[in-house]
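Notes to accompany the following structure.
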Amino acid sequence: MDSQALVIATVGVLGIGAQWVAWRTGWPAIVLMLAAGFIAGPITGLIDPEAAFGDLLDPMVSIGVALILFEGGLSLDYRELRHSGQAVIRLATIGVFIGWALGAAAGYYIAGLVWPVAVLFGGILIVTGPTVVIPLLRQSNIQTRPASILKWEGIVNDPTGALCAVIAYEYFRKVADSPGASLIEVVPPLIIAAIMAGLIGYAAARLIAFLFPRGAIPEYLKVPVLFSAVIGVFVLSNKIEHEAGLVAVTVMGITLANLGVSSLRSIHPFKENIAVLLVSGIFILLSASLKWEELTYLQTSWRPLAFLLALLFLVRPATVLLSLLGTAVPWNERLFIAWIAPRGIVLVAISGLFALRLDELGIEGGQLLTGLSFAVVVITVIAHGFTVEWAAKLLGVKGESRPGLLIVGATPWTIALAREMQALKTPVMIVDPSWQRLGAARREGLPFYHGEILNEATEHNLDLAPFQVLVAATDNEAYNALVCNEFAHEVGRDSVYQLGESADEDDKHALPESIRGRALFESGFGVSDTNERQEQGWVFRKTKLSDEFNFEDAQEVLPDSANMLMLVRKSGRLRFFTHAARPEPRAGDTIISFTPPSLKSAEEHAAKRANKESGKERAKENSKPSGEDDAGPQTA
């Protein structure tokens, strides 16, 4: 028991620690997790998952994979397919057969696997790993269409690859029992089993969509009921056919995502947290479970390296380019999709499972799958993870690189702010449901979105990826707080701001701080304050800092009543002055301030500098030790 608790704690620390390091450095998280697990397992022997959990390890990993696929399915909305549906369908049908055939051929002719193992492994290689693809796309800010195609392909092809491996295994098992058996005897029953599993997942999703909005499940039980239902559907479907449960949970997630169940929105932050924990834990456990003997094949032959190169530069590009012939997807996007195909958890988990089963059938070479599958994961993740930015820029599919500002509410103050940000080449977007209020933005040529920011359709019609900061500045403070609270889990609680000073928690008449965004300005200006000053002619000013002209110099030039709003770093990152925090100005920063219409006169500037100097002299004078004056120390 103590060893199991220690392994669980170590896995948690290593997994979340690797995710944190990835966030700080921008490196692919999966690379760091695999490295951490490999160091903790085969290299140091710190943890041995198989010894700690025994027969429980496989079902733990399987259920974790099922929950990850369900969570991925919940992120798929059919409306995303308006521009990418044809490509997704091609990759999920034609691409499956091309990829399977080419992967099997590479396994046999290049990796040196026997045909049964090569065919089975070729089916598994269809998967592209949503647990790896989605974080890569999020970190790299890829344009909407190629990102949508890669996300859909990764989630849909995971259960498809598992099903292909099952078909291959069942065929070879049938041949071993009855030589001369044909595919006709094997494939139809498996297809029927997959359809039945999909129907079970669909029925479970419809049942949840019926019960949740009608109050049949209390709010505090919705998350436990949902996750218990996913595990139940997975286990029940696996009773029909091995790995059919992956089909069921994927269908269940996609169905729920498109039924418009409003009560599911509240669980999104929780299910994302669960997904992060599961991905971290499973990658650490699987990489720590590796044995040195399983890697011998990789160290003693040229074939594995040649196979990996063929997978990167022949199999994947040919699969994508042949599948997308005749589609409307531009060639630069096709080439990008053809390059990006990192593998992840499902490949390793399914390979390990079938490696044992092939050995039981007496087929030689099954033991090679575990080491080879880990090599595929490591090489594809490193190759694609560290080149995705470069490839996106080279092929012109990268989104806006500078952090953008999303402004909710079209008012004279926000229009003026957007104008200043656009002049600094910061991506900006003004969102308002009123066409009339957006008139000023239209006349000035500012980017705008006509619609309600809280409407679910907005996230499908407005690409939010370029915007890392949100400012809610409508005339309604409660609405601003609602917007900030809604987007805090997506943008980050530290990146949502609103006008108005944060209220005292003891004030029962005010909105609590926990549901508000961070207050703009150190003075905590509210909506009425900015409107009043706007009418008085106050303006935004840009002040560039340098080694010779620092923040104190900028403050001397600006009027005493000027209010600092934000710093724009060289990288484009936005840092706001708030009532609770003040960023550290540096050379190269640009300060955006909200000031009266006129700057200080030369006389006022000189007078303030003189007062400042005299203040320094007085401070110096007051700091002298007792018994000392300008003439020097006194003597008795």
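Summary of packing: across the peptides 230-236, 432-438, the per-residue average of other C-beta atoms within 10 Å ranks them, highest first, as 230-236, 432-438. In a DSSP loop and with at most 10 other Cβ atoms within 10 Å, the chymotrypsin sites (Phe, Trp or Tyr not before Pro) in region 280-323 are W302. Size descriptor for the chain, Kirkwood hydrodynamic radius: 27.9 Å (Cα pairs only, one decimal). Its DSSP H runs of at least 4 residues, each contributing -39,500 (n - 2.57), put the calculated 222 nm mean residue ellipticity of the chain at -19000 deg cm²/dmol, to the nearest 500. Here the chain is treated with +1 on each Lys and Arg Cβ and -1 on each Asp and Glu Cβ, and its dipole about the Cα centre works out to around 1680 debye. Restricting attention to the chain, close to 50% of DSSP beta bridges with both partner residues there are antiparallel.
Just so you know, all these numbers are worked out from the coordinates, no wet-lab data involved. As the structure is a computational prediction, the values presented were derived from the model and not from experiment. Cβ sites come from the backbone with ideal geometry, for glycine too, and all protein chains shown count toward neighbours.
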